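Below: the structure, in structure tokens.
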Amino acid sequence: MASRIPPGRPPRSRVAGIPLPRLSWRPHLAAFASLTAAGQAESVLSFVTTATLIRIAGPAEAGQVFFAQSVATVWFLVWDPRMEDAMQHFVPAAQRGGPGRGTRLYHRLLRVDVATGAVATAVGVAAAITVTAAGLLPGDQGTFLVLAVLAAGMATPSGSASAGYALADRLSRLGRIRVALALAGCAVTLVAVLAAGPVGYLAAGAVSGLAATTLLTADACRHVRRACGVPRGGGGDGGHDARLPAGLVPFVVKSSATASVAVAAENGIALLAGLLGGPTLVTYLKVVAAPGRLLASVVNPVSAQLHPRLARARARGHGAAVTRDALRSSALTSAVGVAGVALAVPLSSPVLGLVYGPAYAALATPAVVLLAAAALRGVVVWAKVLPAAMGRPGVRLAFVTAEGLGSLGLLVAATRIWSGASAATAAFAWGLLCLVALSTVGWFAALRSLVRAMLPPSAPAEPSGDRSTADAAP
């Protein structure tokens, strides 16, 4: 019988006698499923521990805990160099210089990240103790702040560990480990909060964070060594390994600034809410934002998997491929978002009343509104990685800054115009939905502009060159 394979096309099952997987998308699907499961587990279990804390401590004291966590997060933003982004950008280029060089660079950047986090933790704890001793914070609030800084500091190197799994192409393993760590952390936190209240809640976060970071970092280093080779000792790798890659500092500055603004805007809401509306408003905002965070944990892995595809398409000058992947992901996440909002409309009120208490059932409407805002963000999930993949990180920085300032302005207006935590929460939710809608429209315009302005395909980066990181091969 004549072959049914078109001329010039190799068989799908074999090439030159070498078996090939019939479904090349299976590893990507496995990684997506694993990361999505991890995000869902972390969101759901965080929801459980937060609800337990609110029920035990009440909205006012729980709000003080959330306020302390927001202060700690903002503190570490000043110190975070985002080494995980630098690792994924520079380690593959270093590896092209010879076996083990990628591992050597990964270890060097990891040490910088760990040292930075340790210094930030020590200084933060000392500052919190000093402020409390000076009488500027009540005793309980000072204790909460010290424990929150410790918990945030213990988790600082986890981003570099995640980058190690990505470099070794072991994201599926990372997802499985995160699920196990989330379950263990939830169990420890529940026992601690039942035994010691808010102090136990924060202390458990510090202990479980240290254990999780240690395990992930050690395992990530092991897999990076397997994937990139064991670095040779002494000067055997040549003088190039003694230097950090050209363009590292500008790349780190831009990446860190963008991430810092994004996280600062999110945590700045809780910080500003504590200053303007008190701990009850902080708790209300935390409650109504939970469904949106749950939806984000479903769609965010799409951006992590899009990043290398978009970067490769840009390097090859395939603008149509960039647009195609972005629009396909938008179609997928739109369907997920619509389904999530439709499911939340009838269920939000009874679920909030059951989980947090009958008084919180009145927050169902703003919770659904913020879920709709999260669904709109998910439509442009590619916006998290597209500017960096196109060599234009400043575009995302501009969008994130504008949206962050707009969110803070909306909160100020809501607390000034509407009285009461419930009314201010509802007003803020509707305002944020409108702001995100404008941002979504802007991102589609930016997609078209970035694709049209794509630079010609860049040549492979030379190990010792001085080329700008914007033009380096992804």
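The values are calculated or read from the model by the stated rules, or taken from the named source; none is laboratory data. Keep in mind that this is a model prediction, so the values were computed, not measured. Note that each Cβ is placed from the backbone with ideal geometry, even for glycine, and that neighbours are counted across all protein chains shown. Ligands, DNA and RNA are excluded from the accessible area calculation, which covers all protein heavy atoms including side chains. Shrake-Rupley method; radii C 1.70, N 1.55, O 1.52, S 1.80 Å.
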- So Ala227, is it open to solvent by less than 50 Å² (accessible area, probe 1.4 Å), touching a residue at least 12 places away in the same chain (Cβ under 8 Å) and of a type in the set (Gly, Ala, Ser): no
- How many residues, within the range 146-157, are in a helix (DSSP H, G or I) and open to solvent by less than 40 Å² (accessible area, probe 1.4 Å)? 7
- Message: Given the condition open to solvent by less than 20 Å² (accessible area, probe 1.4 Å) and free of Cβ contacts under 8 Å to residues at least 60 places away in the same chain, answer yes or no: does some residue in the range 173-180 qualify?
- Response: no
- Please list, ordered by first then second residue, the pairs with beta carbon atoms under 8 Å, 6 or more apart or interchain, first in the range 197-213 and without any contact (Cβ under 8 Å) to a residue 24 or more places away in the chain and over 10 Å from Phe144 (Cβ atoms), second open to solvent by less than 10 Å² (accessible area, probe 1.4 Å) and in a helix (DSSP H, G or I). Gly200/Val193; Ala204/Val193
- Message: Restricting to the range 417-447, name every residue that is in contact (Cβ under 8 Å) with a residue 40 or more places away in the chain and open to solvent by 50 Å² or more (accessible area, probe 1.4 Å).
- Response: Ser422, Trp430, Phe444
- Message: Return the residues of the range 345-390 that are within 19 Å of Val261 (Cα to Cα), at pLDDT below 90 and not in a helix (DSSP H, G or I); say none if nothing qualifies.
- Response: Val385
- Query: Taking the condition open to solvent by 20 Å² or more (accessible area, probe 1.4 Å), closer than 22 Å to Gly63 by Cβ and of a type in the set (Val, Ile, Thr), does Thr143 pass?
  - Reply: yes
- Query: Mind checking which residues of the range 105-125 are farther than 22 Å from Ser260 by Cβ and either crowded, with 20+ Cβ neighbours inside 10 Å or of a type in the set (A, V, I, L, M, F, W, C) (or both)?
  - Reply: Leu105, Tyr106
- Query: How many residues does the range 354-368 hold that are touching a residue at least 24 places away in the same chain (Cβ under 8 Å), in contact with a Leu (Cβ under 8 Å, 6 or more places away or on another chain) and open to solvent by 10 Å² or more (accessible area, probe 1.4 Å)?
  - Reply: 1
- Restricting attention to the range 380-400, does a residue exist that is buried (at least 18 other Cβ atoms within 10 Å of the Cβ) and more than 26 Å from Val252 (Cα to Cα)? no
